[in-house]
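Report on one structure; see the data block that follows.
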Amino acid sequence: MDAVIKKIMPPSEYMEKPVTDRPTEAEVEAAVRTLLRWTGDNPEREGLIDTPKRVTKAFREMFNGYDMCPADELGRTFEEVAGYDDLVIVRNIKFHSHCEHHMVPIIGKAHVGYLPDGKVVGLSKIARVVDIFAHRLQTQEAMTAQIAGVIQDVLNPRGVAVMLEAEHMCMAMRGIRKQDSTTLTSTFTGVFKDTPEEQVRFVTMVRAGG
């Protein structure tokens, strides 16, 4: 029997308010040339002549999360799950984000779990939610809460568990310059928040994957 598919109208608060005065590509390229000059290099030399265009294109890709609504990714669910109502975990979702304080990379992986309440969502949609939030300027703490929040709000499961592990280049490349240090954040809603045993089960299953 085919799965029963249900379309949920997602909340709109997870779509960033559009910037009405977004600069043109020409203005962005001019800003990159200014930064190149500020570093002490010559933006007109052969190796840098096309860098402003490349940076503009790269930024459009790396920060396209501002133009997407993560709640939309969760809007289609499946109710034909043969009575399954236990823990669903998507583990080791690799992501690249950027620190909102220095605009340098955050590189890590996310582990996301939820306890369904009559419906599930396609597993790839969980990864898409992680990517959309990652493709915005972020702090790891905020990103952890955002992922859990949108899944809880849209799917309304019995609980959500999210754990992020990441290396921050703002610590590795500048300031204290500590390579290979990892930041771990987690958040829990519903049953996970109220039942420590469920938190332990989630972490144990995540760690079992190596």
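With respect to the conditions (1) over 16 Å from the mean Cα position of the chain (by Cα); (2) over 26 Å from GLU100 (Cα atoms), LEU123 lacks only one, and its number is (1). Scan the range 102-139 for residues that are in contact with a Cys (Cβ under 9 Å, 6 or more places away or on another chain) and crowded, with 19+ Cβ neighbours inside 10 Å and the total you get is 3. Screening VAL32 with (1) among the hydrophobic types (A, V, I, L, M, F, W, C); (2) more than 30 Å from GLU198 (Cβ to Cβ); (3) surrounded by fewer than 16 Cβ atoms within 10 Å (Cβ to Cβ) gives one miss only, at (3). Of the listed requirements (1) under 22 Å from THR195 (Cα atoms); (2) open to solvent by less than 20 Å² (accessible area, probe 1.4 Å), ALA166 misses just one: (1).
In the range 42-63, what count of residues is obtained for those that are farther than 14 Å from VAL28 by Cβ and either in a helix (DSSP H, G or I) or touching a residue at least 40 places away in the same chain (Cβ under 8 Å) (or both)? The number of residues fulfilling the criteria is 3. Scanning the range 179-202 for residues that are hydrophobic (A, V, I, L, M, F, W, C), within 20 Å of the chain's Cα centre (by Cα) and open to solvent by less than 50 Å² (accessible area, probe 1.4 Å) gives PHE188, PHE202. Within the set PHE192, PHE188, the sole residue that is touching a residue at least 60 places away in the same chain (Cβ under 8 Å), aromatic (Phe, Trp, Tyr) and within 13 Å of VAL112 (Cα to Cα) turns out to be PHE192.
Restricting the range 68-101 to residues that are among the charged types (D, E, K, R) and assigned to a strand (DSSP E or B) leaves a set whose member that is least open to solvent (accessible area, probe 1.4 Å) is ARG91. If you check HIS102, HIS98, HIS111 for being under 12 Å from the mean Cα position of the chain (by Cα) and over 14 Å from ALA161 (Cα atoms), only one passes: HIS98.
With respect to the conditions (1) in a loop (DSSP other than H, G, I, E, B); (2) free of Cβ contacts under 8 Å to residues at least 40 places away in the same chain, ALA127 falls short on a single one, namely (1). Could you check, for the range 146-153, whether at least one of its residues is under 19 Å from ILE93 (Cα atoms) and either aromatic (Phe, Trp, Tyr) or open to solvent by 50 Å² or more (accessible area, probe 1.4 Å) (or both)? Yes.
The values are calculated or read from the model by the stated rules, or taken from the named source; none is laboratory data. The structure displayed is predicted, hence computed values, not measured ones. Glycine gets a Cβ as well: all are built from the backbone with ideal geometry, and neighbour counts include every protein chain shown. SASA here: full protein model, heavy atoms, side chains in, ligands and nucleic acids out. Shrake-Rupley method; radii C 1.70, N 1.55, O 1.52, S 1.80 Å.
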